[in-house]
Each structure stands twice: as C-alpha cells, then as structure tokens.
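Reading through the structure tokens given below for one structure.
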Amino acid sequence: MLEKNHAHPNIRFTTWEDYAIMSMVERGLGIGVLPDMILKRIPYQIAIRSFRNPYFREIGLVMKDRTKLTLATRKFIEYLTINERLERL
C-alpha cells in the first residue's frame, strides 16, 4: 500500500502485535496502520483516521482435513461463506 502510493516513511520500530502498535502510537512513537476490526472498541487514547480510498487485503483459510474440523471451525467457515455471498449482492 505504501509503495503503491509512493510513500516512504522513516520506519524505526515495527511489530505485528496490534496492541503493541496502539501502545506505541498512544505514547507518541509514530503511527500505525491497523485493520478496522481491531479499532472498534479499544482502551487506548489514540486518534483513528481512515484512508481516502479503502485498502483491503485477502485472508486465506487453510485446513489439513476438511472431514476432521471441529463444530466451531465448520460454523466459522459457514459464517465466512454466507458473508462473502452477501457482500457480492
């Protein structure tokens, strides 16, 4: 996303842990780019901004053996499938 928009930030700290990112931002150590879902109900005192043009990423689901999934996993796949169909409408 940054390369596509020809942005070259001075990156000094990186982490993949969302809560660590928000803590660093809260302490004035920079900015973070986080998914909308993680920012719904947070205890951090940070400003949340959106991009002018939304950025999306695809998330894959991998399973070893479809016949041995737990009920929770099957329900999650069902939920994803239903919502994907609804988004296409």
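The values are calculated or read from the model by the stated rules, or taken from the named source; none is laboratory data. From a predicted model like this one, the values you see are computed outputs, not experimental measurements. Every residue, glycine as well, gets a Cβ built from its backbone with ideal geometry; the counts of neighbours run over all protein chains shown.
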Given the structure, is M24 outside any loop (DSSP other than H, G, I, E, B) and modelled with pLDDT of 85 or more?
-> yes
Considering only residues that are in a loop (DSSP other than H, G, I, E, B), of a type in the set (V, I, T) and modelled with pLDDT of 90 or more, look in the range 34-89 and name the one that is nearest to H8 (Cα to Cα).
-> I48
Would you please list the contacts, defined by Cβ atoms under 8 Å and residues six or more apart or on different chains, that run from a residue in the range 50-61 that is under 16 Å from G32 (Cα atoms) to a residue that is hydrophobic (A, V, I, L, M, F, W, C) and part of a loop (DSSP other than H, G, I, E, B)?
-> Y55/M1
Residue count, the range 49-70 (criterion: exposed (fewer than 10 other Cβ atoms within 10 Å of the Cβ) and either aliphatic (A, V, I, L, M) or farther than 24 Å from L2 by Cβ (or both)) | 9
Among the residues of the range 1-20, how many are within 14 Å of the chain's Cα centre (by Cα) and closer than 20 Å to F56 by Cα?
-> 5
Starting from residues that are under 14 Å from the mean Cα position of the chain (by Cα) and under 20 Å from L2 (Cα atoms), keep the ones in the range 21-47 and report whichever is surrounded by the most Cβ atoms within 10 Å (Cβ to Cβ).
-> I21
Name the one entry in T15, T73 that is surrounded by 11 or more Cβ atoms within 10 Å (Cβ to Cβ), of a type in the set (S, T, N, Q) and in contact with a helix residue (DSSP H, G or I) (Cβ under 8 Å, 6 or more places away or on another chain).
-> T15
